[in-house]
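Chemist: What follows is a structure written as structure tokens; I'll ask about it next.
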Amino acid sequence: MTIGNAVRRPRLLVTLAVGVLLALAAAGCGGGGAKPIPIGLVTSLTGTEIGVGKDVARGVELAIEEVNEAGGIRARQLELITEDCKCSAQVATEAVRKLIDTDNVPAIVNGTRTDILLEWLEYARSKGVIVLNVAATTAAGEEQTRITNTVFTLGVPAAALGQELARWAHGDGHQRIAVLGPDNPFGADFRRAAAEELRRLGRDAVVSASYVEGRSDYTATVNAVAATRPDAIICGLYGDDGKTLVPQAVAARLSAPWYVPYPSQVTLDNPALGEGRVFGIEVGYNTASAQRFRKRFAARFPHARPTAWSAFSHDGIWLLAQAMRQQGENTKALAAVFIRGAPGYSGASGRIEFNEQGVRINPLLERLRMTRTGDLVPVE
């Protein structure tokens with residue numbers, strides 16, 4: 001009887017020990033099962049901005065996979081929680097509250113336009129959540145003068161893009177320059193800045209027009225622009241609208257070159273239409289780090305093309321990972337790392353520095369042209 005009890009007792013202890021270990025693993029405790037760090041993404045995966053939304057999401061997904069493969073954050077993995085805001089400010093606000101109050105995210109990547117971002121930005125700031133602003137490049141910079149230390153914009157403001165393209169078109173000797181852009185906050189800031197810069201340079205735009213995104217026919221807009229006989233068009237074009245606007249411009253015999261922000265985001269069914277027609281500026285596109293990013297992106301998403309949105313979101317995650325590796329999840333400490341300019345960091349969009357308001361400064365703007373195959377090469 002004594003021998004029997006002695007045999008049964010160790011078996012019971014082993015069973016209990018295994019049960020405890022399994023419970024700990026299931027709860028995310030100990031060893032390699034440390035609880036992951038949730039990172040929020042708010043973007044439009046449905047609706048008129050689906051192109052931008054998917055571009056942002058791909059950049060985030062690739063970066064999180066890379067960070068986790070490189071050991072994560074202090075032995076913890078990053079876990080992406082994506083919320084589709086459907087181009088709706090109300091849906092986005094509800095999603096942000098859920099990410100903050102339920103999922104307890106320390107950071108949110110913004111893949112929405114400015115008017116949507118501004119609906120929930122103050123709430124995120126009040127909760128001490130870091131916001132990596134990828135897609136909003138208009139009034140967000142101005143808002144950050146009062147909402148400081150937690151919001152970081154990786155893109156270039158729309159006004160700066162419009163001004164740079166106006167200087168380029170003017171410098172190329174064009175006399176009759178039209179300004180065109182989408183009817184949204186980005187387009188409004190872009191068109192205003194381009195027209196004002198042309199005026200400062202001594203040349204008024206022959207027309208400043210807008211179009212509604214996602215339409216199947218832009219004939220009226222194209223004909224109105226063509227009627228002014230422009231020899232250059234500064235256009236805030238991005239996404240799938242290029243599939244419609246550019247062919248209809250060709251049909252209207254509008255042969256003027258198009259100067260666009262981020263030509264990597266211009267989608268054409270026939271890339272050959274871009275040769276000699278599509279010119280634009282990208283941020284740090286030809287740096288070694290940017291080239292490495294595009295190579296990794298192509299391997300991960302063979303049927304997609306990396307755009308500026310993909311690059312900005314990828315950089316945002318890696319900057320966040322670097323800051324977290326130094327400071328953990330302390331918001332004030334993270335913000336201090338970001339504001340210092342992430343010293344030494346050069347990523348998918350070149351070197352990144354921020355001012356004290358969290359707005360990117362000194363971006364490397366490179367002038368590119370599109371080839372017959374849709375590739376982008378430096379302007380000679």
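The values are calculated or read from the model by the stated rules, or taken from the named source; none is laboratory data. Because the structure is predicted, anything quoted here is derived from the model rather than measured. When we count neighbours, we look across all protein chains shown, and the Cβ atoms used for this are built from the backbone with ideal geometry, even at glycine. Just the protein is used for accessible areas: all its heavy atoms, side chains included, with ligands, DNA and RNA removed. Shrake-Rupley method; radii C 1.70, N 1.55, O 1.52, S 1.80 Å.
Chemist: Measure off, as a whole percent, the carbon and sulfur share of the 1.4 Å-probe accessible area of the chain, all protein chains present.
Modeler: 52 percent
Chemist: Can you send over the solvent-accessible area of S255, 1.4 Å probe, protein chains only, in Å² to the nearest 10?
Modeler: It works out to around 90 Å².
Chemist: What list of ³J(HN,Hα) couplings, whole Hz, do you get for the stretch 163-171 from phi and the Karplus terms 6.51, -1.76, 1.60, once you set θ to phi - 60° and write x for glycine and proline?
Modeler: With coefficients 6.51, -1.76 and 1.60, one gets 5, 5, 5, 5, 5, 5, 4, 5, x Hz.
Chemist: Then there is this: Quick one: length gained pulling K332 to A288 fully straight, 0.36 nm per residue minus the C-alpha distance? Intermediate results must be reported in sequence, preceding the final value.
Modeler: Values: separation 44, 0.36 × 44 = 15.84 nm, distance 3.18 nm.
Between K332 and A288, full extension yields an extra 12.7 nm.
Chemist: Could you sort H170, H314 by accessible area so the largest value comes first, with the probe set to 1.4 Å?
Modeler: In descending accessible area the options line up as H170, H314.
Chemist: Hey, what angle do you get for helix 242-251 against the long axis of the chain, alpha-carbon based, 0 to 90 degrees rounded to 10?
Modeler: Roughly 20 degrees between the two axes.
Chemist: So what's the net charge close to G202: Lys and Arg +1, Asp and Glu -1, counting the other residues with Cβ under 13 Å from its Cβ?
Modeler: Around G202, the charge tally is +1.
Chemist: Okay, moving on. Output the antiparallel fraction of DSSP beta bridges having both residues in the chain, as a percent to the nearest 5. Provide the component values of the computation, followed by the final result.
Modeler: Values: 12 of 47 bridges.
About 25 percent, rounded to the nearest 5.
Chemist: Tell me, what is the percent relative contact order of the chain, built from C-alpha pairs under 8 Å that lie six or more residues apart? Walk me through the numbers on the way to the answer.
Modeler: Details: 750 pairs, mean separation 61.7, N = 380.
Relative contact order, the chain: 16 percent.
Chemist: Taking the simple approach of a point 7 Å from Cα along Cα-to-Cβ for both V377 and D231, what is their distance in nm?
Modeler: 2.5 nm
Chemist: With a 1.4 Å probe and all protein chains kept in place, how much accessible area does R97 have, in Å² rounded to the nearest 10?
Modeler: Using a 1.4 Å probe on the heavy atoms, I get roughly 110 Å².
Chemist: Scan around F354 for amide H atoms under 5 Å from its own, H built in the peptide plane at 1.01 Å from N, and keep only partners 5 or more places away or cross-chain.
Modeler: Close amide H contacts, sequence-distant or interchain: G341, I361.
Chemist: For W318, W120, give me the order by solvent-accessible area with a 1.4 Å probe, most accessible first, ignoring ligands, DNA and RNA.
Modeler: W318, W120
Chemist: What distance in nm separates the two pseudo spin-label positions at E196 and T46, each 7 Å out from Cα along the beta-carbon direction?
Modeler: It is 3.8 nm.
Chemist: How large is the accessible surface of E329 in square angstrom, using a 1.4 angstrom probe and rounding to the nearest 10?
Modeler: 80 Å²
Chemist: Something else: Which FRET efficiency, nearest 0.05, do K295 and A34 yield, Cβ-Cβ r, R0 30 Å?
Modeler: 0.45
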